[in-house]
1. Just checking, how many residues over the range 42-61 are closer than 30 Å to residue 32 by Cα and more than 18 Å from the chain's Cα centre (by Cα)?
2. Hey, among the residues in the range 62-91 that are more than 19 Å from the chain's Cα centre (by Cα) and either outside any helix (DSSP H, G or I) or touching a residue at least 60 places away in the same chain (Cβ under 8 Å) (or both), which one's surrounded by the most Cβ atoms within 10 Å (Cβ to Cβ)?
3. If you take the residues in the range 49-61 that are hydrophobic (A, V, I, L, M, F, W, C) and assigned to a helix (DSSP H, G or I), which one is surrounded by the fewest Cβ atoms within 10 Å (Cβ to Cβ)?
Amino acid sequence: MSDSRTPEKGSAGADDGPERPPRYEQVIRWAEYIKAQPPEVWGPQQNAVVNGQIESAQAVDVSAEDTKRIREFARAELDEAADFDTEHAER
């Protein structure tokens, strides 16, 4: 079980049915789209998505304790990633 609110693949809440392509394919399609379109076209679209995500995050009622726990988790993950990068850069 992960610490994510995203349902795990195959679980009852997962969105991995045949009617919806995997997120990876959507990311590839977006990358191809922004390569083919000027920033004036895709920039406002991307801004709308990001702004929507920020507004959604701000609307969630998170306690100070939860905020601290989330920050500590993020800090530990970033430290672990930095350690991994340092170890593999030395090789």
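1. The initial filter retains those residues of the range 42-61 that are closer than 30 Å to residue 32 by Cα, namely 42-57.
From what is left, the residues that are more than 18 Å from the chain's Cα centre (by Cα) are 42-44.
Number satisfying all stated conditions: 3.
2. Step by step, filter the range 62-91, then rank; the result is 63.
3. So in the range 49-61, the residues hydrophobic (A, V, I, L, M, F, W, C) come out as 49-50, 54, 57, 59-60.
Among the residues that remain, those that are also assigned to a helix (DSSP H, G or I) are: 49-50, 54, 57, 59.
Working: 49: 11, 50: 10, 54: 10, 57: 9, 59: 7.
Applying the filter and picking the extreme gives 59.
Rule-based calculations on the coordinates, nothing more; no lab input. Owing to the predicted nature of the structure, the values given are computational and were not obtained by experimental measurement. Neighbour counts are summed over all protein chains in view; Cβ atoms, including those assigned to glycine, are modelled from backbone coordinates with ideal geometry.
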